[in-house]
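Here the structure comes first, spelled out in structure tokens, and everything after it is commentary.
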Amino acid sequence: MKTRKNKIEILIVLLVIISLFSCKEEAFTISIQNKLNAPQVLHGIDKLKLFAKESKIDMVENEGALNIETFIDSTNLKHEAFSIKTNNKTVRVTGGDATGVMYGLLDVKEQLETGNQSVKSKEEAPNLDFRALKFNLPWEAYRSSKTLREHTETCKDTIFWRDFLDMMAENRFNKLTLWNLHPFSKMVKTEKYPEACDFSDEELVEWQKLWNTLFRMAKDRGIETYMVNWNIFVTKPFAEHYNVSDLSKNRDNHLGNGDTSEVIKDYMREAVRKTIDDYPDLTGLGITLGEGMGGMTAEEREEWILETVVAGARKAKRKIKFIHRVPLSAGTASSGSTDVSVEKLTRQTLDTLTCFDGPINIELKFNWSHGHSSTTLVKVHGGELADTYWNPLPKNYYLAWMMRNEDFFILRWGQTDFIREHIEKNVHPYVNGYYVGSETYIPAKDYITSLEGASTKYAFERQWMFYKAWGRLLYNPKTPDSFFVDAFETRFPTHGKTLFEAQSKVSKVPLIIASYWNATWDFTLYSEGMIGFNEGRPPAVKLLSLKTLANKTPMDPDYIGVKTYLNGNETEIAGKISPIQLADSLSSFCNEALKAVESIKPETNVDLLYEKSDIQAWAYLGLYFSDKLKAAVAYQQYIDSKDEKFHKEAITWLEKATEKWSKLVAVTKPVYNPVPIEHKGYHEDSNLFHWSIIQKEVEAELKWLKELDVAQTKSN
């Protein structure tokens, strides 16, 4: 009986084994059926094939393969839109055009990257047509320093541009705007003015290869390219040959008097015409008025553009697209001061410019140079903005907001709620998009990552979430957070949700600092470093001081400053967020983020170490600002009342803040060496930044507060 039982058990085991082998799933394979030869479609297919190769997935045609088919339907789908329809093992990717098909194929790749062997049906269309990155070139740069020149060789490498453009396509950016003072001398040599190009014919050929390759690669990825320049600048050889001014002796004097002689006007017309004719894959040009135009009225500046750039474009063999930066200067003191009369003048010109390919795009800086601040439009470059540009609605141009980032280059950032709210509040019928980028930082060479073992090769790869959040939400602001969680999870399995949520919390820190500090041009604030221009003479970039903080009127209309909080009437205070409430909110979500990532052990994963360290760094910076806000309230109470108890309270809070700064230094010192930043000037011996360097100022301020005797102080 026992023997029979054993035989039955053995038979059952054999049947189970046979069943397992017979039910074993076939290996996952992919097959692509494509009859479209458009380069954008081929790019999407190449990325799918690369994913399959890296994931060891066979690309074969068999009965069990995931069969991906491509189609274009411009009747039912708009430009750059796509639909994915899945039926069993068949995935039909249809685009409104070739770029839409590419986005659909890249979406399929992203879905498969999460580990699924099936693809969900979906349909997406662009919310905004103009989704641009601002990229300052390191040569003929707006500012001249070793920090920017460090990127020269990287930016001359077409492999860098290939990878950068791949990132743009993946994140659905569709415009690349390249900025420098005078791009033409490195692009063309005109017959009338060959001396304007200081290259030999052989050297110029190499530059032309770079430009042609860059413009073609961009076009193959559905990305338009624009060369944007500041204004009356020419090369030194040209200036010497014709005895004219080029401002080359002092490039930082951008507001200096430009030379409007006829020879420069004629050269500009020729350079613009030849650039357009010689580079058929270049989409368009852009101009900004003010620089190199000191002493000129707004009318004279606009006339200059009409006689040079516009006239040159009209002489070219094809039409181009055009970017016109506004506002113009109202005088000689500022290259961007706002004035209704100037806005009306500019609008008159824009309304009559019909010689370009499609609508003109006008660009306005959202909240000056610190777009990552309040989602409420408080000011543009130069001050407040009237409704001249959209009342009545324009017919041949659209407005796009410039989201200048002069606030964080080192620490990783991603705040999807901010971007969604920004789009919801600021996209109107006359707005067709955004520019995102910096003036003082070039995302090319990575000189910031100091530890070996990181997977990032280029600077933009460090800020992968910054570009992914901005690009994908500009395309579709309804993109759910689950998509970004999956992106984290693909990079850091088991930690994705924790990292995304913690980063989202602490990425509010620089937004709050910028919204409270109410900065203007580039160097007035560097949120990540808690430095900027303070009150006093001479102006210097240094730690945001307690005294200045107490006197600040915040940019964000939802916030109230320290003095209003202490002395304002009910109407001024009602419904507003007080400094204490803001400080408590900062403290709460920063501590939550610290607790969330505490258990993450990066071990040998250097990329994960950086993600965790950056979250901790933002959190400690937020806690520092939180405690300092409370110290500022107590400090002002001490100034007003001369009551020593408030002095002691201010000291207590600033001591707590100083402790948080020490923790910030402890987190960042092992992973970051001091790096040069433009905010601290161009001198190589003094422009290095690290939180450990600023710590001396943090400790000095605490010492100052302890020694402060308000009774002996004549004025605040």
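The values are calculated or read from the model by the stated rules, or taken from the named source; none is laboratory data. As the structure is a prediction and not an experimental result, all values here were calculated from the model. Note: ideal-geometry Cβ built from the backbone for every residue, glycine included; neighbour counts use all protein chains shown.
Give Phe356, Phe418, Phe408 a once-over and let me know the one that is buried (at least 23 other Cβ atoms within 10 Å of the Cβ) and in contact (Cβ under 8 Å) with a residue 60 or more places away in the chain. Matching residue, one of Phe356, Phe418, Phe408: Phe408. Please enumerate the residues belonging to the stretch 206-231 that are hydrophobic (A, V, I, L, M, F, W, C), modelled with pLDDT of 95 or more and outside any helix (DSSP H, G or I). Answer for the stretch 206-231, where residues must be hydrophobic (A, V, I, L, M, F, W, C), modelled with pLDDT of 95 or more and outside any helix (DSSP H, G or I): Ile223, Met227, Val228. Contact map, the stretch 598-612: residues that are farther than 16 Å from Gln503 by Cβ paired with residues that are of a type in the set (A, V, I, L, M), Cβ distance under 9 Å, separation 6+ or inter-chain. Pairs shown: Lys601/Leu608; Glu603/Leu609; Val606/Leu451; Val606/Ala454; Val606/Val671.
Among the residues of the stretch 511-527, how many are touching a strand residue (DSSP E or B) at 6+ places or on another chain (Cβ under 9 Å) and part of a helix (DSSP H, G or I)? Looking only at that region, the number is 9.
State whether one or more residues within the stretch 671-679 are assigned to a loop (DSSP other than H, G, I, E, B), hydrophobic (A, V, I, L, M, F, W, C), modelled with pLDDT under 95 and farther than 16 Å from Leu546 by Cβ. Spell out how you get there, then give the answer.
Step one: list which residues in the stretch 671-679 are assigned to a loop (DSSP other than H, G, I, E, B), which gives 671-674, 677.
Filter again for hydrophobic (A, V, I, L, M, F, W, C), leaving 671, 677.
Add one more test, that the residue is modelled with pLDDT under 95, and what stays is 677.
Then drop every residue that is not farther than 16 Å from Leu546 by Cβ, which leaves 677.
Taking every residue of the stretch 671-679 in turn, at least one turns out to be assigned to a loop (DSSP other than H, G, I, E, B), hydrophobic (A, V, I, L, M, F, W, C), modelled with pLDDT under 95 and farther than 16 Å from Leu546 by Cβ.
Against the conditions (1) buried (at least 20 other Cβ atoms within 10 Å of the Cβ); (2) farther than 22 Å from Ser578 by Cα, Gly681 satisfies every one except (1). Checked against the criteria, Leu654 does not count as of a type in the set (A, V, I, L, M), out of contact with any Gly (no Cβ under 7 Å at 6 or more places or on another chain), surrounded by fewer than 21 Cβ atoms within 10 Å (Cβ to Cβ) and over 27 Å from Tyr447 (Cβ atoms).
Pick from Glu63, Glu140, Glu150: which is charged (D, E, K, R) and not assigned by TED's automatic domain parsing to the domain that holds Met403?
Values: Glu140 fails: not assigned by TED's automatic domain parsing to the domain that holds Met403; Glu150 fails: not assigned by TED's automatic domain parsing to the domain that holds Met403.
The unique qualifying residue is Glu63.
Sub-6 Å Cβ pairs linking a first residue in the stretch 85-112 that is of a type in the set (Ser, Thr, Tyr) to a second residue that is in a strand (DSSP E or B) and surrounded by 20 or more Cβ atoms within 10 Å (Cβ to Cβ), at least 6 apart or interchain, are Thr94/Ser83; Tyr103/Phe82, ordered by first then second residue. Per the listing Ala132, Ala81, Ala125, the residue uniquely of a type in the set (Gly, Ala, Ser), within 24 Å of the chain's Cα centre (by Cα) and surrounded by fewer than 20 Cβ atoms within 10 Å (Cβ to Cβ) is Ala125. Reported count of residues in the stretch 386-431, each being assigned to a loop (DSSP other than H, G, I, E, B), within 15 Å of Pro477 (Cα to Cα) and not hydrophobic (A, V, I, L, M, F, W, C), is 3.
The residue that is surrounded by the most Cβ atoms within 10 Å (Cβ to Cβ), counting only those in the stretch 192-240 that are farther than 30 Å from Tyr475 by Cβ, in contact with an Asp or Glu (Cβ under 7 Å, 6 or more places away or on another chain) and charged (D, E, K, R), is Lys236.
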